[in-house]
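In what follows, a structure is listed as structure tokens, so that the remarks can point back to it.
The values are calculated or read from the model by the stated rules, or taken from the named source; none is laboratory data. Since the structure is predicted, the reported quantities are computational estimates derived from the model, not experimental observations. Every residue, glycine among them, receives a Cβ derived from its backbone with ideal geometry; neighbour counts consider all protein chains shown. All accessible areas refer to the heavy atoms of the entire protein, side chains included, with ligands and DNA or RNA removed. Shrake-Rupley method; radii C 1.70, N 1.55, O 1.52, S 1.80 Å.
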Amino acid sequence: MQDENATELPKQYDPGIIEGPITERWLGSKCFAAAPDERENSYVIMMPLPNVTGALHMGHAMDNVMQDLLIRWHRMMGDNTLWMAGTDHAGIATQAVVEKRLFELEGKTRHDIGREDLVKRIWAWKDEYQQRIVSQQQAMGCSCDWDRQRFTMDEVCERAVRHTFFKMFRDGLIYQGDRLVNWDCHLQTAVSDDELERKLVHGHFYHLRYPVIDPKPGEPSHIIVATTRPETMLGDTAVACRANPGAVLDELIAQAEQKVTEASDKDRADDQQALDSLKARKDSHLDVLNTIAAMAADGRQVMLPLQDRPIPIITDEWAKPELGSGCVKITPAHDPNDYEVWGRHKNDIDIVNILNNDGSLNDNAGDYQGLDRFEASKQIISALQERDLVEGIEDRDLEIDHSDRSKTIIEPYLSKQWFVRMSDIPDGVTLGSGTEREFKAPGLAQAAIDAVNPEWESPTGRNLTFHPDPVRYGKLYKNWLVEKRDWCISRQLWWGHRIPVWTGRWSGQQLLSMKMLISAHKDRDDVFVWVVLPNEQRMPAADALAAFESGELKADQVEIQVCFRDKDGEEAITPMLSSVGLKADPDVLDTWFSSALWPHATLGWPDPATAPIGEGQTHLDATDGASSCLDYFYPGSCLVTARDIITLWVARMQIMGLYNLGDVPFTDSFIHANIQDGKGNKMSKSAGNGIDPVDIIEQYGADAMRYVVCELQTGTQDVRLPVHAVSPFTGKTVDLAKAKHGDSIFTYLCPESGKEFDVLGTMQDHGIPAAKLFSERFEIGRAFCNKLWNSARFALMNLGEAEFRPLAADELAIEDRWILSRLNGAMRVVHEQLELYTPSAAINAAREFFWSDFCDWYVEIIKPRLRDSDQTAVARQVLAAVLDQILRLFHPFVPFITEAIWEKLNAQAPKRGIDTELPMSAMVINARWPIARDDWQDAAVETEFEMAQEVVKNIRDLRQSHGASPGKEVDVEITTNAATRTVLEPLGGLIAGMANASSIKFDAAAKPTNAATAVVKGMEIHVLGVVDVEKEIAKLEKQAAKIDGQIKGKRGKLENQGFLDKAPGAVVQKEQQALAQLEGELTSVQNTLSELRSN
RNA sequence: GGGCGAUUAGCUCAGUUGGUUAGAGCACUAGCUCGACAAGCUAGGGGUCACUGGUUCGAGUCCAGUAUCGCCCACCA
């Protein structure tokens, strides 16, 4: 019986020796590759680009596994499936990492080695990590089309970036302006709000006195203002108070009174205190605030100390009479709120920038020029103290913005930046210009908002839906977009896409050459020139030229901005541009600008035929009658990512896709869980709680890792993955949720040895060894794989030469019909749950079928048939067919092990099926996805089988609780009604086999003597010869008590008139039936009890 | 301060439109080397569904409030 083939399978599943060769087979047979063909259904996933800053952790693994799951599922369903892989240059992050290394290893800054050399080094770094990331993804089994990999700075993407920038520039959607940005003084770049990190810092709150110029009688001699950053006072250009402080305070007092009356008991005291202090403030401050307001109206000034510069007192709503002195200093160039104040008072007050790029003070800082801002702060305070201009200093913990990348304090800083206009604009924005999908939208942000509205009618009829909770995530997406804040796209970095614009201010002498330049380019479609007027208004070149001719416009009033679409075009006239005094913009674009183009840039937009792809890569143009990749694969299908990426990236991809192509880049977005550690903190490499998926794969196997990751993805809930470390001292596991930290938050103490180890892998230089991180959760996955392996091993040992011939229904045993019915149910649920984006429910349904139904029952039941030559053929055929379907069903979740078993199964049973032959393929990756067979569904058989299972379980329980050893055969008698007997009698052999009974008798007579008895579902099951009277009585008494409780509950319900009147008839009826059955059971139990007691 | 979400067994999580006295896996207890699998099999114990009210004949499920935790946004003279 034993087959030679099967003996090759070892007893335990060893992923280490399976996974490598399987990966080779997949790659070798090009089954991940996608190309446009005649199929109507394509399925496209654009991989969220990992940064090339470092290796991946379990959060990325979740993202990648979810994508591979969807991709493999769709590939098996016959879709033309493309998974586009690649990496992001991640501007700031990558440059920061490389600069840090440069400094640590060589003691040099980027300025020492220059732009060209730094960029070269970053490319080298990128090559190293890109390779590492791809190897991690391949280890996980990601079935990406590796021959199409892109990098956001490769030539294909660069061309798309330039085309998009040019288009936006020409359309007036990109503009340059002086804006207050978050400035990273260390990296010397602007960073976006999203790249800020708030930290609590111990600091001081300084109250300063600014002398009033020529105070009149009754007026204060000083106005008190407060700041946490004293150095900014050098850039103050006004002091503000409220125009009507009394009205504001009265309003606040009224609100506070309201709050006190509505307060809960707990809050009342606090609210009352707040009210009291407001009232006290009105008494103490109102008079002087009114005086200052009057002074403001009178155009009075204060003298800015140290600078000896008069600055006006103004009134503005930003001043809060309830806080501080009620007056506030205005530093427009260094505070976002003050900047807004300046916006409201542009004609009255100045804006003075006092900082250099590196955080030192510039020539506007008077005596303090050249000092670092922190040093200047100290000196300014002591100078003010000498002049008796410090009213007081408070200690205070301050929440201060830090750069996420350099970890240094962010300064609000006035600088020239490029922006994309997100707001609505008067004539609207043309989306997809030049395509057949061209249409108008009010603005870029609005277009992306519309796209998520289910009723939105786009030219293509497509829109965007989030999963698994469209409402919740749709709201998140919209709430961010409705702000329509302009997007700052310039970064003062060296690593990234250079902004393709030349700018210059023109003197009168160069008017002629400017005119020539403009004339030469005004009719070209690859160059666009804006002439910027002093009021920030702009004119296209042609209009400006006319204005120059008529003398309306003078050359020295304007700035010129020239944007080149093509790199070649720009390089061709570089010398000319320089010679007339234009300068290339030194900045690069925000990383998200290029990643927002990912879904169409990777497919060759704007022209797939001429896309500059790399050597050995798959072409993108249309050939052999097939469409181009862009036409065929755009728009894509599903974007798989985590919640926090919805705003950063999903929204921006929508904007860019709609703008460039007039269609959404993908129709669905699957938002998966974030992985947290055992304490509920988000997993990340930089937090020291990140597990490398490769560590898990080495220990448990890729499929085990994937199995658990799929199981974790239950819905919208983030998941905890308790993280353990392997102590490098003892080799034992340490639970990081409980372990104590060492000297740094990245080190922990080994509880046994007390020695310190590191979890980031960055402390080796300090003599602190690193620990590998893992999680015991993955044991489950390993156990599953081992079970699958061994069930296959059993099947292969017993299949012999399984052959296929169409089987008629009456040739099948009841257990065959049962397992097929259950299989149909599992196929249906798995498919449905995948459609609902709930992989956990899908894999659990598959597991339940495989482990409980197939292994625990079906395989055990057919063992005798497999040994009986008369019955073996049908059993083998069903076994092979069901195993086939199991492998297909599990393949998207656990691809390696299913592929390995599939090969063996193909060798031994090349033709498989029940009534018809299943479609075959050499590898399961290309096999057809199992489609539910509703004709296999058999509710009657499932019910009958369930009864048999109930009997078996009860017999086993009775045996065990009465101490009958598992090997001992017992006799069983079952007392029941005729209907149940009719069902169970034919299943007697099956029941006997599963319960190890020597005989099953159906006898309507009373309880046999000397038997242990279970009362269940209208049956009395007696196991003869094993009775232990005391145990029996105790057990039955417990059961009686439980039934009695249930009966009381039911009676209470049924005696409740309200229930009878109002509950639906079906519910009442169900309760009545349940009560009747319970009462019957109770009688049986009590009868059995009294018989036992009387003996 | 605003918004979103969560709180169910020791742990990690399910629980469909409200309808038996609430489920799974891991861990735990007891028994088991029987011809696939001890990474296994069989059986078992374990929960006042965070708390307080409300709606309802009936609440883990709906509503309000409280507490705790997480995430996002804003503000901080």
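For this structure, a couple of remarks:
- Failed condition for A:Val531, given (1) away from RNA strand B (no atom under 16 Å from the Cβ); (2) in a helix (DSSP H, G or I): (2)
- Qualifying residues in segment A:1018-1043 (those that are within 51 Å of the chain's Cα centre (by Cα) and either at pLDDT 85 or above or surrounded by 15 or more Cβ atoms within 10 Å (Cβ to Cβ) (or both)) - the one nearest to A:Lys953 (Cα to Cα): A:Gln1039
- When segment A:768-802 is filtered for residues that are under 30 Å from A:Asp677 (Cα atoms) and within 8 Å of RNA strand B (Cβ to nearest atom), the ones remaining, listed by number, are A:Glu776, A:Arg777, A:Glu779, A:Ile780, A:Arg782, A:Ala783, A:Phe784, A:Cys785, A:Asn786, A:Lys787.
- Which listed residue, of A:Gln130, A:Gln176, is part of a helix (DSSP H, G or I), among the polar types (S, T, N, Q) and either open to solvent by less than 10 Å² (accessible area, probe 1.4 Å) or out of contact with any helix residue (DSSP H, G or I) (no Cβ under 9 Å at 6 or more places or on another chain) (or both): A:Gln130
- Residues of segment A:316-338 satisfying the condition of being surrounded by fewer than 19 Cβ atoms within 10 Å (Cβ to Cβ) and more than 10 Å from RNA strand B (Cβ to nearest atom): none
- Checking each residue in segment A:208-251 for being more than 11 Å from RNA strand B (Cβ to nearest atom), under 22 Å from A:Arg344 (Cβ atoms) and open to solvent by 40 Å² or more (accessible area, probe 1.4 Å) picks out A:Ala243, A:Asn244, A:Ala247, A:Glu251.
- Subset of segment A:17-40 (residues that are touching a residue at least 60 places away in the same chain (Cβ under 8 Å) and among the hydrophobic types (A, V, I, L, M, F, W, C)): A:Ile18, A:Ile22, A:Trp26, A:Leu27, A:Cys31, A:Phe32, A:Ala33, A:Ala34, A:Ala35
- For segment A:147-179, a tally of residues being among the aromatic types (Phe, Trp, Tyr) and over 19 Å from A:Trp502 (Cβ atoms) returns 1.
- Taken together, the residues in segment A:744-761 that are farther than 21 Å from A:Glu698 by Cβ, under 32 Å from the mean Cα position of the chain (by Cα) and either modelled with pLDDT of 85 or more or more than 16 Å from RNA strand B (Cβ to nearest atom) (or both) amount to 5.
- With respect to (1) more than 16 Å from RNA strand B (Cβ to nearest atom); (2) touching an Asp or Glu at 6+ places or on another chain (Cβ under 7 Å); (3) among the small types (Gly, Ala, Ser), the lone exception for A:Ser377 is condition (1).
Each row is one residue, and each column tells you yes or no for (1) of a type in the set (Asp, Glu); (2) in contact (Cβ under 8 Å) with a residue 12 or more places away in the chain; (3) over 18 Å from A:Glu950 (Cβ atoms).
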{"site": "A:Pro1008", "(1), (2), (3)": "no, yes, yes"}
{"site": "A:Met1019", "(1), (2), (3)": "no, yes, no"}
{"site": "A:Glu1030", "(1), (2), (3)": "yes, no, yes"}
{"site": "A:Glu1037", "(1), (2), (3)": "yes, yes, yes"}
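- The residue list A:Ala160, A:Ala124 contains one member that is free of Cβ contacts under 8 Å to residues at least 40 places away in the same chain and of a type in the set (A, V, I, L, M), which is A:Ala124.
- Residue-level analysis places A:Ala907 among those that are modelled with pLDDT under 95, more than 13 Å from RNA strand B (Cβ to nearest atom) and in a helix (DSSP H, G or I).
- Residues in segment A:58-88 that are closer than 19 Å to A:Phe893 by Cα and either outside any helix (DSSP H, G or I) or small (Gly, Ala, Ser) (or both): A:Gly59, A:Ala61, A:Met77, A:Gly78, A:Asp79, A:Thr81, A:Leu82, A:Trp83.
- The C-beta contact set for segment A:702-719 (first residue among the charged types (D, E, K, R), second residue within 9 Å of RNA strand B (Cβ to nearest atom), distance under 6 angstrom, 6+ apart or interchain) comprises A:Asp703/A:Cys785; A:Glu711/A:Ser840; A:Asp718/A:Ala673; A:Asp718/A:Asn674; A:Asp718/A:Gln676.
To keep it simple, each residue is scored yes or no on (1) of a type outside the set (Val, Ile, Thr); (2) farther than 30 Å from A:His186 by Cβ; (3) part of a loop (DSSP other than H, G, I, E, B); (4) touching a residue at least 24 places away in the same chain (Cβ under 8 Å).
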site: A:Asp395; (1), (2), (3), (4): yes, no, no, yes
site: A:Ser406; (1), (2), (3), (4): yes, no, yes, yes
site: A:Tyr413; (1), (2), (3), (4): yes, no, no, yes
site: A:Gly428; (1), (2), (3), (4): yes, yes, no, no
site: A:Arg437; (1), (2), (3), (4): yes, yes, yes, yes
site: A:Gly474; (1), (2), (3), (4): yes, yes, no, no
site: A:Arg485; (1), (2), (3), (4): yes, no, yes, yes
site: A:Leu493; (1), (2), (3), (4): yes, no, yes, yes
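- Residue that is most open to solvent (accessible area, probe 1.4 Å) [pool: residues in segment A:737-751 that are part of a strand (DSSP E or B) and more than 21 Å from A:Arg720 (Cβ to Cβ)]: A:Leu749
- Selection of strands (runs of 3 or more DSSP E) fully inside segment A:937-1053 by the criterion of at least 2 residues being within 13 Å of RNA strand B (Cβ to nearest atom) and closer than 23 Å to A:Ser852 by Cβ returns A:1011-1016.
- Test: residue in segment A:856-872 that is part of a helix (DSSP H, G or I), more than 10 Å from RNA strand B (Cβ to nearest atom), closer than 22 Å to A:Leu918 by Cα and open to solvent by 10 Å² or more (accessible area, probe 1.4 Å): yes
- Which numbered condition A:Gln136 fails, given (1) open to solvent by 10 Å² or more (accessible area, probe 1.4 Å); (2) part of a helix (DSSP H, G or I): (1)
- Residue list for segment A:971-999, filter: open to solvent by 60 Å² or more (accessible area, probe 1.4 Å) and of a type in the set (D, E, K, R): A:Asp971, A:Arg981, A:Glu985
- Checked against the criterion of being under 29 Å from the mean Cα position of the chain (by Cα) and either surrounded by fewer than 18 Cβ atoms within 10 Å (Cβ to Cβ) or within 30 Å of A:Pro586 (Cα to Cα) (or both), segment A:77-84 contains one or more residues that satisfy it.
- Among helices (runs of 4 or more DSSP H) entirely within segment A:621-731, having at least 3 residues that are away from RNA strand B (no atom under 13 Å from the Cβ) singles out A:629-633, A:651-661, A:693-700.
- Subset of segment A:339-357 [away from RNA strand B (no atom under 16 Å from the Cβ) and free of Cβ contacts under 8 Å to residues at least 40 places away in the same chain]: A:Lys346, A:Asn347, A:Asn356
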